[in-house]
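The values are calculated or read from the model by the stated rules, or taken from the named source; none is laboratory data. Nothing here was measured: the structure is a model prediction, and the numbers come from that model. Neighbour counts are summed over all protein chains in view; Cβ atoms, including those assigned to glycine, are modelled from backbone coordinates with ideal geometry. Surface areas here come from the heavy atoms of the whole protein model, side chains and all, with no ligands, DNA or RNA. Shrake-Rupley method; radii C 1.70, N 1.55, O 1.52, S 1.80 Å.
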Amino acid sequence: MNERLAMRRVPADAAALFNPAYCAAILHRLCSGYQFGGERGIPYALPFLALPIVLHEASAERLPPSARSRLHSWLLDNPEILIGFADRARSLAPFVRDATSFALKYQIIQIVESDRLAASKSTRVADWEKQPYNSATAKRAVILGKLLSQINEVSTIFTLFGVRP
């Protein structure tokens, strides 16, 4: 177990759900979705918004089936996603940092242009994604990555979610 995670004395069920390897695989798929349209890599701050959506079942289930929707339209159609979002994002920030560190250490993602994260070619994630539950989670992360890539300014995305970086 990650030493920083263990030092936080997280309950066992939360540690299992938010373990760095699992979240790193989600982060990889998020980066892949973001890069799908030719983007260089996802800005470092955006996983702090994305993982609280993908890992929150009620929010993840409301993601559109494809990225044809617009991010702002999706949020307008699903305002309940924003209820408690700031607190959820704040409480998951340490897990996002752990996942990012894990993903960088094991070359699941890489840093590009000093402030962006890009998906690496990873057979580990491909194997992970073959599991039925993981497949659905991976698909949701890719879709969310594509939605986030529609808006160029990180500050605009944060504003849409009603939070500050």
Report summary line: Note, the range 25-40: 3J(HN,Hα) by Karplus (6.51, -1.76, 1.60, θ = phi - 60°), whole Hz, Gly/Pro = x, goes 5, 5, 4, 4, 5, 4, 4, 4, x, 5, 7, 3, x, x, 5, 6
Query raised in the report: Can you give the translational diffusion coefficient of the chain in µm²/s, computed by Stokes-Einstein from the Kirkwood radius over Cα pairs at 37 °C and 0.692 mPa s?
Result: 208
Query - For the range 18-112, with +1 on Lys and Arg beta carbons and -1 on Asp and Glu, the positive-most of 103, 55, 30 along the dipole - result: 103
Query raised in the report: Once phi is turned into θ = phi - 60°, what whole-Hz ³J(HN,Hα) does the Karplus curve with 6.51, -1.76 and 1.60 give for every residue of the range 150-160, x standing for Gly and Pro?
Result: 5, 10, 6, 8, 4, 4, 5, 5, 4, 5, 4
Query raised in the report: Around residue 112, which amide H atoms from residues at least 5 apart in sequence, or from another chain, sit under 5 Å from its own amide H, with H modelled in the peptide plane?
Result: 117, 118
Query raised in the report: Got a sec? What order do 34, 133, 106 fall in by accessible area at 1.4 Å, biggest, i.e. largest, first?
Result: 133, 106, 34
Query raised in the report: Rg(Cα) of the range 31-72 divided by 2.2 N^0.38 Å?
Result: 1.22
Query raised in the report: Helix-derived [θ] at 222 nm for the chain: sum -39500 (n - 2.57) over DSSP H runs of at least 4, divide by residue count, nearest 500?
Result: -17500 deg cm²/dmol
Query raised in the report: From Cα coordinates alone, what are the radius of gyration and Dmax values for the range 63-107 in angstrom?
Result: 14.5, 38
